[in-house]
Amino acid sequence: RRTLADFPNGKPLKNRRNIVVTRQNIEIEGAEVAHTVEEAVSLAGEEPCVLLGGAGVFRDFFPHTDRVFVTKIYAQPESDVFFPNLDEDPDWHVADEGEELCEDGLRYRFVCYERNSRK
């Protein structure tokens, strides 16, 4: 819900299904509302999903995630929250890695990780 507030006009993305996870008892025009991770996973079913959110959302949904698209930014910003380092996690491997790009002096690359087969 907080990420949705940062979208243009605070509205769900057009031309796609939006499931918003919140503890609040609210309705959001153009979106389905779930109050727990399990409820959101149930609503999504087997349909592939793209997850947007903050650190808490990523942490809570990580057990349900099989593919992660990461933008690696080669900078050292002051941060107090970090995404898990999947390069050091034996449960994940790099499935695809783009070339290093540079824009306005900022170096970055897109990396797709896939979870190794679940046992």
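One table, with the values for the structure above:
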| quantity | calculated |
| --- | --- |
| Where trypsin sites (Lys or Arg not before Pro) fall in DSSP loop in segment 1-65, at most 12 other Cβ within 10 Å | Lys14, Arg16, Arg23 |
| Whole-angstrom gap from segment 90-119 to segment 53-88, using each part's C-alpha centre | 11 Å |
| Solvent-accessible area per residue for the chain (1.4 angstrom probe, square angstrom) | 80 Å² |
| Estimated 222 nm signal from helices in the chain, with DSSP H stretches of n ≥ 4 weighted -39500 (n - 2.57), rounded to 500 | -3500 deg cm²/dmol |
| Whole-Hz ³J(HN,Hα) from phi, Karplus 6.51 cos²θ - 1.76 cosθ + 1.60, for segment 17-27, glycine and proline x | 7, 10, 10, 9, 9, 8, 7, 6, 8, 9, 10 |
| Loop-exposed GluC sites (Glu not before Pro) per DSSP, neighbour cap 11 Cβ within 10 angstrom, longest uninterrupted part of the chain | 47-77 |
| Normalised convex hull volume, segment 23-119, alpha-carbon set, Å³ per residue | 160 Å³ |
| Two-site label geometry, Asn116 and Arg16: point separation in nm, points 7 Å out along Cα→Cβ | 3.0 nm |
| Value of relative contact order over the chain, rounded to a whole percent, pairs C-alpha under 8 Å and six or more apart | 19 percent |
| Qualifying chymotrypsin sites (Phe, Trp or Tyr not before Pro) in segment 36-80, DSSP loop, other Cβ atoms within 10 Å at most 13 | Tyr74 |
| With every protein chain in place, segment 13-81: carbon and sulfur % of accessible area (1.4 Å) | 50 percent |
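The values are calculated or read from the model by the stated rules, or taken from the named source; none is laboratory data. What you see is a predicted model; the values in this text were computed from it and never measured. Cβ sites come from the backbone with ideal geometry, for glycine too, and all protein chains shown count toward neighbours. Please note that ligands, DNA and RNA were not included when accessible areas were found on the heavy atoms of the full protein model with its side chains. Shrake-Rupley method; radii C 1.70, N 1.55, O 1.52, S 1.80 Å.
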